1. I need a count of the residues in the stretch 238-294 that are polar (S, T, N, Q) and touching a helix residue (DSSP H, G or I) at 6+ places or on another chain (Cβ under 7 Å).
2. State whether the residues of the stretch 239-246 include one that is over 32 Å from the mean Cα position of the chain (by Cα) and assigned to a helix (DSSP H, G or I).
3. Condition first: under 30 Å from Asp95 (Cβ atoms) and in contact with a helix residue (DSSP H, G or I) (Cβ under 6 Å, 6 or more places away or on another chain). Now tell me which residues in the stretch 52-69 satisfy that.
4. Would you check which residues across the stretch 141-163 are assigned to a helix (DSSP H, G or I), touching a residue at least 60 places away in the same chain (Cβ under 8 Å) and in contact with a strand residue (DSSP E or B) (Cβ under 7 Å, 6 or more places away or on another chain) and list them?
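The values are calculated or read from the model by the stated rules, or taken from the named source; none is laboratory data. Every value quoted in this text rests on a predicted model; they were computed, and no experiment measured them. With ideal geometry, Cβ positions are generated from the backbone for all residues, glycine too; neighbour counts draw on all protein chains shown.
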Amino acid sequence: MSQIDGIFRPAIQAATGVDQDPTITLATNETFGDYQANAAMGLAKKLGAAGEKTNPRAVAEKIIAALGDQSMLTDLGIAGPGFINMRLSPPWVQDQIRTIGLDPRLGVEPSAAPVTTVIDYSSPNVAKQMHVGHLRSTIIGDALSRIIDFLGHPVIRQNHIGDWGTQFGMLIAHLKSSGKDAGGHISDLEQFYRDSKKQFDDDPAFQDEARQTVVRLQAGDPEILDLWKQIVAESRLHYQPIYERLGVKLTEADECGESFYNPMLAGIVEELKKSGIAVESEGATAVFVDGFKA
């Protein structure tokens, strides 16, 4: 509508001597046109107040005459007290579509006021195969990232992978007990996880070892951290090719997993304790919320 405005405003100035907003809107009835200009009524009042005897229809006729030859609008006509109806010229529309089609940006100008957007998507779990839920998040997240980026806004892509938690005690302990290197041992992620879980369920001694391994992992034990890194790296070899096959713009540089927050947890727990939100319960630090059973 800004282009129509750009045609009407100088025509109004030429016809009436008044710099007036043409008030372009979509036509209230498509039978009469695509758009309408509603300025004639207001202009007639202004001109009348200035001593010029006229009426809205007469003002509308002058505006149409002042438009002269132009290729954008056709079927210009006056309805009611002075509404100017119009349609976009088919040849002009065709020319615009052709021009947009040849433009690499399809006529979309980058934002003049870019805003940084963070999009968290995909988030696969380490040592597990991706499933359809990850596919949905991955495709929607990547599509939004591309659109927002195309509009000229900086995009921070975040892949919040599930690379931390108590289950890693079980996984690392199982990897150690197998005596095999992670690269060769986790060629089948699902089988590796199932074998780890079975060993955990069937072997009480292994359960104790898994729990101790979690403590060592959270404490930053170099040996355990190295095995954890092997599992994460091997998992990445499984999901990164999927991204590449789908054309998804996620790389290792976009990862910010759950492990990222581990160094911050001690301070948060301490703050919760001081505020009385977290309490000791059966040897663990817990938060009890009213209305929820522990």
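1. 2
2. No: zero hits.
3. Ala60, Lys62, Ile63, Ala66, Leu67
4. Answer for the stretch 141-163, where residues must be assigned to a helix (DSSP H, G or I), touching a residue at least 60 places away in the same chain (Cβ under 8 Å) and in contact with a strand residue (DSSP E or B) (Cβ under 7 Å, 6 or more places away or on another chain): just Ser145.
Residues checked against (1) within 23 Å of Tyr239 (Cβ to Cβ); (2) modelled with pLDDT under 90; (3) buried (at least 18 other Cβ atoms within 10 Å of the Cβ):
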{"residue": "Gly179", "(1), (2), (3)": "no, yes, no"}
{"residue": "Glu190", "(1), (2), (3)": "yes, yes, no"}
{"residue": "Ser196", "(1), (2), (3)": "yes, no, yes"}
{"residue": "Phe200", "(1), (2), (3)": "no, no, yes"}
{"residue": "Pro204", "(1), (2), (3)": "no, no, no"}
{"residue": "Gln207", "(1), (2), (3)": "no, no, no"}
{"residue": "Gln212", "(1), (2), (3)": "no, no, no"}
{"residue": "Leu217", "(1), (2), (3)": "yes, no, yes"}
{"residue": "Asp221", "(1), (2), (3)": "no, no, no"}
